[in-house]
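First the structure, in the form of structure tokens, and then the observations on it.
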Amino acid sequence: MLVVLNLILYYFWYLPGVSNLHSANEQLGSSLARNLAFESTAPLHSMDRAAISNLLNRFAEEPGVISATVSSDEQGGIQLTSRLKRQAENKGRDFQFPVHFGEALLGYATVQLSDIDLRQWQSQAITSWLLFNIFSAATLAAFIFYRTQRYEKHWQHISSLIEVEMPDLHSQLTGTSEHQLLQLMRLLNDPLSQQTQLMKHLRNDTNSEDTERLLEQIELVSNEGTYNDIALVSIQCQNWEDLIRTYPANKLQTQWSEYESLMIRVSELYSGILLPDGFTLVFGLNDDPEFAFNAVCAARVLQIAVERLARSAQKLSPVFGIAVSAGPAFVSKTYKHGIPLPLITGDAETWLAQIKALQPLGQVLMAEPILQYEKVNQQVEASILRDVTLRDGHRLEVWELDFMKHNDDLLIRQAETLIDTSGL
């Protein structure tokens, strides 16, 4: 700002001021030389030296005039000069005008004009500019010093709190306060660090996938909530009692965590979010126009992955049914362990509950409204299973997904890759 202000002062104040003073000197010098030539015409024609001398001395008394001279070009002519003022430091500038009598050129009238006023104004302008910049720089330095001290004071308070509450994090902060603040923001945004802080907050042995699932929900939904179209995909175990009799509790918990990890990976692949129940995915919270198609693809990938895991299992494996719905819903917030998580209510959730009540076994059942989305309708091969009468008397068609018309091979490869990379 100071540089810009200096440029403005130079181009819009200093240069116009110098130009105006030069123009004023030019006009004054030309006017005095012209008047001297006019008044000296008669004395010069009559060679009246006394009159010319008095005239020159009178002009020399004018402000800014150093000297005045009248010279004749005729044979044996004269050249008279007024008394000189003390202008040793300034030679000034000469302004000359011809002296005519009729058509004859008698000589020239010359006025030497001082430019002391211009130089004084320039000197005062430069002095004022220097004082302005010194004062501005001093004010800016004082402002920076005050802000720096205030910033350091606040940062020391924050740093002391971090040292007490999070000593491990505080030990990673080095350098100036600005560098420490940048490091702190980077560490807080690091998912691993967020997991560590969340696990400390929960004070239990929550596994990393579950912690990551909770972290993904933070700030996903506004506090006011929104009403928009979404798609839901849910998997539900249909042989839970048999699993309880077959596996010990710790083994069953590990197996359950592995399937939840598979859900998390599928949600990341198709821009979905895992809801707090751990086995329901929601699509469309990020305004993706293809959320319905992504939901169907995710359901198909889950179906393929679950079938492959069941074939490779040596003992009894979970048998899942997959339900898919899409429609309007109100997305708001609930809180778990102090962390905001999305809560879904509305038609999409009601239709999903109706399909889950049919207890699909190794199937992907879909609510009919999801087939109304153009890309889903074009890419999905499905057959109607049955009609369901809802509580309000309306009927809901339930369709079974057979396969994807154009990219079923791609979804099979995706499911195999997810299983191979997750170690399931």
From the residues in the stretch 94-142 that are outside any helix (DSSP H, G or I) and β-branched (Val, Ile, Thr), which one is farthest from residue 69 (Cα to Cα)?
99
Specify which of the listed residues (390, 341, 371, 418) is over 39 Å from the mean Cα position of the chain (by Cα), modelled with pLDDT under 90 and hydrophobic (A, V, I, L, M, F, W, C).
390
Could you grab me the full set of residues in the stretch 17-61 that are touching a strand residue (DSSP E or B) at 6+ places or on another chain (Cβ under 6 Å) and outside any helix (DSSP H, G or I)?
40
Residues in the stretch 47-58: is at least one under 60 Å from the mean Cα position of the chain (by Cα) and without any contact (Cβ under 8 Å) to a residue 12 or more places away in the chain?
no
Selection count where residues are surrounded by 14 or more Cβ atoms within 10 Å (Cβ to Cβ) and assigned to a helix (DSSP H, G or I), scope the stretch 243-256:
4
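Quick check on this structure: which one of 77, 92, 102 is on the phi > 0 side of the Ramachandran plot and surrounded by 11 or more Cβ atoms within 10 Å (Cβ to Cβ)? Steps first, answer last, please.
Working: 77 fails: on the phi > 0 side of the Ramachandran plot; 102 fails: surrounded by 11 or more Cβ atoms within 10 Å (Cβ to Cβ).
Exactly one residue qualifies, and that residue is 92.
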Matching entry among 222, 193 (being of a type in the set (Gly, Ala, Ser), modelled with pLDDT under 80 and part of a helix (DSSP H, G or I)):
193
Where the second residue is of a type outside the set (Gly, Ala, Ser) and buried (at least 22 other Cβ atoms within 10 Å of the Cβ) and the first is on the phi > 0 side of the Ramachandran plot and lies in the stretch 59-70, which pairs have Cβ atoms under 7 Å and are six or more apart or on separate chains?
64/113
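Anything in the stretch 18-46 that is farther than 27 Å from residue 116 by Cβ, of a type in the set (Ser, Thr, Tyr) and touching a residue at least 40 places away in the same chain (Cβ under 8 Å)? List them, or say none. It would help to see each step written out before you state the result.
The first filter runs over the stretch 18-46 and keeps only residues farther than 27 Å from residue 116 by Cβ, leaving 41-46.
Pick out the ones that are also of a type in the set (Ser, Thr, Tyr) and you get 41, 46.
Across the stretch 18-46, the qualifying residue is only 41.
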Condition first: aliphatic (A, V, I, L, M), under 60 Å from the mean Cα position of the chain (by Cα) and surrounded by 15 or more Cβ atoms within 10 Å (Cβ to Cβ). Now tell me which residues in the stretch 10-46 satisfy that.
21, 28
Given the condition within 41 Å of the chain's Cα centre (by Cα) and either surrounded by 13 or more Cβ atoms within 10 Å (Cβ to Cβ) or aliphatic (A, V, I, L, M) (or both), answer yes or no: does some residue in the stretch 107-127 qualify?
yes
With criteria (1) modelled with pLDDT of 80 or more; (2) closer than 26 Å to residue 410 by Cα; (3) not β-branched (Val, Ile, Thr), residue 251 comes up short on (2)
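The values are calculated or read from the model by the stated rules, or taken from the named source; none is laboratory data. Keep in mind the model is a prediction, meaning the values are calculated, not measured. Counting neighbours? That spans all protein chains shown, and the Cβs are built from the backbone with ideal geometry, glycine included.
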